[in-house]
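Only the coordinates and a few stated rules stand behind these numbers; no lab work does. No experiment lies behind these values; they were computed from the predicted model shown. Heads up, the Cβs are rebuilt from the backbone with ideal geometry, glycines too, and the neighbour counts pull from every protein chain shown.
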Amino acid sequence: MFDLTGKVALVTGGASGIGLAISKTFAKQGAHVHILELNIDLANQVAADIKSEGGSAEAHAIDISKQADVINVIDEIAEKATINILVNNAGIAHVGKADNTAETDFDRVINVNVKGVYNCLFATIPHLKKAGGGVILNMASIAATVGIPDRFAYSTAKGAVFSMTLSVARDYLADGIRCNSVSPARVHTPFVDGFISKNYPGQEAEMFEKLSKTQPIGRMAKPAEIGALALYLCSDEASFITGCDYLIDGGFEKLNN
Ligand SMILES: NC(=O)c1ccc[n+]([C@@H]2O[C@H](COP(=O)([O-])OP(=O)(O)OC[C@H]3O[C@@H](n4cnc5c(N)ncnc54)[C@H](O)[C@@H]3O)[C@@H](O)[C@H]2O)c1
């Protein structure tokens, strides 16, 4: 079950947090993992770690918001191998409401979290079609479907990821491409530590506690827990699943009342 031997997977933002867990889980299950990362030093380190643990991985420098770069990197990978799986995981955070989110911040979040996903879809789907099919998994968030305080730009972007998943799942049914998304509540990663220290300096421990308790289960998720769901959805065992968003939220959406 959940064997990815012989599969080639692209994981954007695959060197940190949730992406790191996905890269490691997929490699452990036999996939050759291409880590597409802005932080190439970290990505090289992760690829080396995976190899030292007996897995197979390569790192590629990429900024997913730049379409020409994305096409170059993905075409180069596709020249050497058949791509089977794309995980659109890379994303950035932003705290703010509609009337205090600066235009530059809004553009930055949309460029990475929405246009970045589109760029990777644009560059990868022709290769999946040529290969006769494949799997796409997009990292959405509970912010796509619930009103989270102070996350205007981020929620806007994740709502778009949620809709892009449906659109892509629909458009490529006949090409054998499955497309789903995952919507985590808070996951303890550098992303969360980064926005707590940036936005709540001096109140880090208090904010961490508060954010942990917003999940009825009483804690944040561990990245490996998201990695396990990603593995299932990208494996052949999930062959009947497409056009779905999967909550992985410690009860956040259904039990917070
Ligand atoms: N951590 C959470 O609580 C949480 C909850 C729900 C959804 N998510 C989503 O999960 C995804 C991963 O989050 P994380 O917490 O692991 O974050 P993280 O900051 O730990 O890792 C994100 C990785 O993406 C890379 N990246 C950022 N911008 C990039 C770009 N333009 N091009 C290529 N790579 C880029 C970073 O270098 C980093 O390694 C994001 O899409 C995030 O929105 C996170």
| query | So which residues in the range 64-94 are within 13 Å of the ligand (Cβ to nearest atom) and either in a helix (DSSP H, G or I) or of a type outside the set (G, A, S) (or both)? | reply | I64, K66, Q67, D69, V70, V73, I74, V87, N88, N89, I92, H94
| remark: Note on the range 153-183: residues small (G, A, S) and within 13 Å of the ligand (Cβ to nearest atom) are A153, S155, A157, G159, A160, S181, S183
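Each row is one residue, and each column tells you yes or no for (1) under 19 Å from the mean Cα position of the chain (by Cα); (2) in contact (Cβ under 8 Å) with a residue 60 or more places away in the chain; (3) outside any helix (DSSP H, G or I).
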site: K129; (1), (2), (3): no, no, no
site: I136; (1), (2), (3): yes, no, yes
site: A143; (1), (2), (3): yes, no, no
site: S155; (1), (2), (3): yes, no, no
site: V161; (1), (2), (3): yes, yes, no
site: A174; (1), (2), (3): no, no, no
site: N180; (1), (2), (3): yes, yes, yes
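This table checks each residue for (1) near the ligand (Cβ under 7 Å from one of its atoms); (2) small (G, A, S).
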site	(1), (2)
M1	no, no
V11	no, no
A15	yes, yes
A27	no, yes
N39	yes, no
L42	yes, no
V46	no, no
D49	no, no
E53	no, no
| query | Just wondering, is there one or more residues in the range 236-254 that are surrounded by 14 or more Cβ atoms within 10 Å (Cβ to Cβ), β-branched (V, I, T), assigned to a helix (DSSP H, G or I) and within 11 Å of the ligand (Cβ to nearest atom)? | reply | no
| said: Name the residue that is nearest to the ligand (Cβ to nearest atom), counting only residues in the range 107-127 that are β-branched (V, I, T) and either within 12 Å of the chain's Cα centre (by Cα) or under 30 Å from K210 (Cα atoms) (or both). | reply: V112
| query | Right, R186: more than 13 Å from the ligand (Cβ to nearest atom), surrounded by 20 or more Cβ atoms within 10 Å (Cβ to Cβ) and basic (K, R) or not? | reply | no
| request: Restricting attention to the range 75-127, report how many residues are buried (at least 16 other Cβ atoms within 10 Å of the Cβ), more than 25 Å from P190 (Cβ to Cβ) and touching a residue at least 60 places away in the same chain (Cβ under 8 Å). | output: 4
